[in-house]
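Report on one structure; see the data block that follows.
The values are calculated or read from the model by the stated rules, or taken from the named source; none is laboratory data. What you see is a predicted model; the values in this text were computed from it and never measured. Here the Cβ positions follow ideal geometry from the backbone for every residue, glycine too, while neighbour counts run over all protein chains shown.
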Amino acid sequence: MPFQFNLIKKDTGTSARLGQMTTAHGIVDTPAFMPVGTQATVKSLTPEQIRTCGAQIILGNTYHLYLRPGHETIKKLGGLHKFMNWPGPILTDSGGFQVYSLGKLRKITDDGVIFQSHIDGSKHFLTPKKALEIQEALGSDIMMCLDECTPYPATFAQTQKSLALTMEWAKLCKEAKTNPEQALFGIVQGGTYLDLRRQAVEEILPLNFDGYALGGVSVGEPKEIMYAIAETITPLLPEDKPRYLMGVGTPEDIVYGVSCGIDMFDCVIPTRSARHGLLFTNSEKIVIKNARFREDDAPIDETCDCYTCRNFSRAYLRHLYIAGEILAMVLNTIHNVHYYMRLLEQIRAALEENCFTQFKNTFMKKGGGV
RNA sequence: GGAGGGGUUCCCGAGCGGCCAAAGGGAGCAGACUGUAAAUCUGCCGGCGGAGCCUACGGAGGUUCGAAUCCUCCCCCCUCCA
């Protein structure tokens, strides 16, 4: 079953879209949020819990899984889906983000990236072809091109050079692709320079990818810049292909991104924040370790129907967190992922009912969820 | 009864004449986190509005320009011997 994207509906007041992706491992309703499961696990959750939270698709990471346990191992064991017992769709990031985040441990050449493993210091050469080979071995439903996530700040010249490399790699990734069952997305870079972003779109469209991502955002640039990129560049992407804003973001960012015509998001915020005790609600910011919750018998969010909110008090969750109990991470992550999934459900429902603009305005007025 | 060791800021614990409001932990309080090197990281943590002053290193005296640090006595605690 080849990858497919169906545009169901376009919003009238904004550039938002309602759609559906069909992958080899199932359907994904868009706009969609994809919990991040870098090392073949959405940290602290079982696949069943991820599913119960409402997630349809999750992320895995090429670089991390290549280093450990090794893509060949995963392939031998039946692929990433079977390995981690997640039967649904998986998108794998290419390792492009690690080019950025592991800056001190890598060297970029025209042909690829020489990484020094953050685990044991060993050297590895990740090329566009290799990135595809690994992702095909993992068997993900959506593969990403190897790119250079341009850091912020970067001069025009640096960004231009970085973009050229990403574009060259995009071609090589496209050529390296062999499995028709797996989709491959191209990534639009160009840093904070809209001209370069436009140029990137022009150059990448002829490569005819299954979807297009905006990368290199949420790397420390001012929020207005990210918003300007999403607003200006997204409409330039083909209407009949999914658009993915990589690494974004806060609930507010997501609502904004949807209004710009973005269909897919991924971010570590809900999971990492949960582990660090920051919980999302519709009305206030909950830093569960704060003393004010010591004797608070209420759930995190009265309006939330997640497992955590249905069964536990803030006081108990605070206790678990302060005590360093593993369950704190589990319960907090369940809540946050559920919150994100519910947010996306609400967005899709609003689009369905032609009231997305109203939803967006109300949501932003409330402070964007946190 | 004899011989040693020790009492330090909420707790543990370093300091053993000035650079000490006193290392380092812990606890406590707060903050950060955006394609995950993150169950991580950062800040605050005696009092008073700051430069500064006051109160603090078991208690009371003393030596000294200056004492948590040296001396005397006292009060507790621990170990060993009888």
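Of note:
- Hey, A:LEU102 at pLDDT 95 or above, within 23 Å of A:TYR152 (Cβ to Cβ) and in contact with a Phe, Trp or Tyr (Cβ under 7 Å, 6 or more places away or on another chain) or not: no
- Members of the stretch A:87-96 that are modelled with pLDDT of 95 or more and either assigned to a helix (DSSP H, G or I) or within 6 Å of RNA strand B (Cβ to nearest atom) (or both): A:ASP93, A:SER94
- Tally of residues being assigned to a helix (DSSP H, G or I) and within 8 Å of RNA strand B (Cβ to nearest atom) across the stretch A:248-269: 2
- In the set A:LEU194, A:LEU163, only one residue is within 15 Å of RNA strand B (Cβ to nearest atom) and either of a type outside the set (S, T, N, Q) or in contact with a Pro (Cβ under 7 Å, 6 or more places away or on another chain) (or both); that residue is A:LEU163.
- Subset of the stretch A:310-326 [near RNA strand B (Cβ under 10 Å from one of its atoms) and either surrounded by fewer than 15 Cβ atoms within 10 Å (Cβ to Cβ) or touching a residue at least 12 places away in the same chain (Cβ under 8 Å) (or both)]: A:ARG318, A:TYR321, A:ILE322, A:ALA323, A:GLY324, A:GLU325, A:ILE326
- Unmet requirement for A:VAL113, which otherwise passes all of (1) crowded, with 22+ Cβ neighbours inside 10 Å; (2) within 21 Å of A:THR23 (Cβ to Cβ): (2)
- Applying the set (1) outside any helix (DSSP H, G or I); (2) closer than 19 Å to A:THR166 by Cα; (3) among the β-branched types (Val, Ile, Thr) to A:VAL201 leaves exactly one unmet item: (1).
- Boolean, A:THR159 is out of contact with any strand residue (DSSP E or B) (no Cβ under 6 Å at 6 or more places or on another chain), over 23 Å from A:LEU237 (Cα atoms) and polar (S, T, N, Q): no
- Options A:ILE225, A:ILE233: the member that is buried (at least 20 other Cβ atoms within 10 Å of the Cβ) and not aromatic (Phe, Trp, Tyr): A:ILE233
- Look at the stretch A:270-296: where a residue is aromatic (Phe, Trp, Tyr) and a partner is surrounded by 14 or more Cβ atoms within 10 Å (Cβ to Cβ) and assigned to a loop (DSSP other than H, G, I, E, B), sitting 6+ places away or on another chain with Cβ atoms under 6 Å, you get A:PHE280/A:GLY369; A:PHE280/A:VAL370.
- Counting only residues that are over 14 Å from A:ALA170 (Cβ atoms) and touching a Cys at 6+ places or on another chain (Cβ under 7 Å), the stretch A:192-231 holds 3 of them.
- Among the candidates A:THR22, A:THR109, residue that is more than 16 Å from RNA strand B (Cβ to nearest atom) and under 17 Å from A:PHE185 (Cβ atoms): A:THR22
- Answer from A:GLY186, A:GLY121 - the residue that is out of contact with any helix residue (DSSP H, G or I) (no Cβ under 8 Å at 6 or more places or on another chain) and more than 21 Å from A:THR41 (Cα to Cα): A:GLY121
- Across the stretch A:60-86, the qualifying residues are those that are aliphatic (A, V, I, L, M) and assigned to a helix (DSSP H, G or I), and the one among them that is surrounded by the most Cβ atoms within 10 Å (Cβ to Cβ) is A:LEU65.
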